[in-house]
Amino acid sequence: MKLCVLFPGIGYHCEKPLLYYPAKLAKSKGYDVIPLKFSGFDNSAKGNEEKMSRAAGHAIALAAEQLSDIDFSQYEKVVFIGKSIGTIACLAYRETSGVNASCILLTPLEMTFDSLSHRCTAFHGTADQWAETEAIRKLCRKHLVPLHEYENANHSLETGDTFTDIRTVLDVTEKIAELL
C-alpha cells in the first residue's frame, strides 16, 4: 500500500492544478490520497515574519489534527506533497510524527527549510512573490534538495501565458510521476 498526502497553501487548495493533477496521478498509480483542507489563515501574512510564523503553526496544527487517525505503518511508501505554507507543514509534520515520507515541495518558502529537508525535491518560479529565488537556490544547495525552476513563473508557477502555464503543470506532473 502507498499513501500520498496533499498539504495545500493559504489560498491554494487541493483542487488547483499543482495539487489536483499530482493527486489524480497518484491515484492512478495505486496510492491512497488524502487531500488536507486548510482554512482560517490571516491573509495579510505575506512579508510579515511573525504572521507567517503563526500561519505556519496553524497549518502544522491543522495537518496534525487531520492526520491523527492515520496508521502510517500500514503503508510501504508515503509521499507528502506540499504547496507554499503546506511545504512547511509537511516537513514539520514529518519531523515531529516520525513518518518515513519523501516530500515534494511546490513553491517552498524560506521557512520551509527550518525543518529537516532530506528526501525532498523542490519546484520554484523565478518570479515568486513569496520567496526570493536566490534564497531558495541557496537553501536547496545547502540542504541538497534538487530544485526545478520555472522562468518568470509566480507563486502558483504561472506566467500569465496560458500555454506556458499548461506546459509547466505538465512538466511538474511528469517530474512528480518519476518521484512517485
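Of the accessible area of the chain, with the probe set at 1.4 angstrom, what percent is carbon plus sulfur? Kindly include the intermediate steps, with their values, before the conclusion.
Values: 4410 of 8760 Å².
Using a 1.4 Å probe with all protein chains present, the chain comes out at 50 percent carbon and sulfur.
Determine which residues of the stretch 16-45 fall in the zone a paramagnetic label at F163 would reach in this model, i.e. backbone nitrogen under 11 Å from the point 7 Å along Cα→Cβ.
Within reach of a label on F163, which here means backbone N under 11 Å from a point 7 Å along Cα→Cβ, the stretch 16-45 contributes nothing.
Mind checking which of Q74, L139, H13 is farthest towards the positive end of the chain's charge dipole, using Cβ charges of +1 (Lys, Arg) and -1 (Asp, Glu) about the Cα centre?
Of the options given, the answer is Q74.
With N denoting the number of residues in the stretch 1-67, provide Rg(C-alpha) divided by 2.2 N^0.38 Å, to two decimal places.
Working: Rg = 13.5 Å, N = 67, 2.2 N^0.38 = 10.9 Å.
Scaled against compact globular proteins, the figure is 1.24.
Which one, T112, A63, G125, projects farthest toward the positive side of the charge dipole computed for the chain from Cβ point charges (K/R +1, D/E -1)?
The Cα lying farthest towards the positive end belongs to A63.
Please give the per residue accessible area of the stretch 1-131, computed with a probe of 1.4 Å over protein heavy atoms only, in Å². Display every interim value, and only then the final one.
On the way: 5760 Å² over 131 residues.
Here the residues of the stretch 1-131 average 44 Å² of exposed surface.
For the stretch 15-22, in order, what is each residue's ³J(HN,Hα) by Karplus, 6.51 cos²θ - 1.76 cosθ + 1.60 with θ = phi - 60°, in whole Hz (x at glycine and Pro)?
Coupling constants for the stretch 15-22: 9, 8, x, 5, 10, 4, 5, x Hz.
Mind computing the radius of gyration and Dmax over the alpha-carbon atoms of the stretch 63-180? Å is fine for both.
Over the stretch 63-180's Cα set, Rg and Dmax evaluate to 14.4, 43 Å.
Could you give the length gained by full extension between T126 and S102, i.e. 0.36 nm per residue of separation minus their alpha carbon distance, to one decimal place?
Working: separation 24, 0.36 × 24 = 8.64 nm, distance 2.41 nm.
My answer for the length gained is 6.2 nm.
With a Förster radius of 25 Å, plug the Cβ-Cβ distance of A64 and E151 into 1/(1 + (r/R0)^6) and report the FRET value to the nearest 0.05.
Values: r = 36 Å, r/R0 = 1.45.
FRET efficiency, A64 to E151: 0.10.
Report the calculated FRET efficiency for I34 and H143 (r = Cβ-Cβ distance, R0 = 35 Å), to the nearest 0.05.
Numbers: r = 26 Å, r/R0 = 0.73.
About 0.85, to the nearest 0.05.
Give me the count of lysine pairs in the chain whose alpha carbons sit under 19 angstrom apart, restricted to pairs 8 or more positions apart or on different chains.
Summing the qualifying lysine pairs gives 25.
Multiply the residue separation of Y21 and E174 by 0.36 nm, subtract the distance between their alpha-carbon atoms, and state the gained length in nm to one decimal. It would help to have the intermediate numbers written out before the result.
On the way: separation 153, 0.36 × 153 = 55.08 nm, distance 1.00 nm.
Here the segment from Y21 to E174 would lengthen by 54.1 nm.
The values are calculated or read from the model by the stated rules, or taken from the named source; none is laboratory data. This one's a predicted model, so the numbers in the text were calculated from it and none came from an experiment. Methodologically, a virtual Cβ is constructed for each residue, glycine included, from the backbone with ideal geometry; neighbour enumeration extends over all protein chains shown. Just the protein is used for accessible areas: all its heavy atoms, side chains included, with ligands, DNA and RNA removed. Shrake-Rupley method; radii C 1.70, N 1.55, O 1.52, S 1.80 Å.
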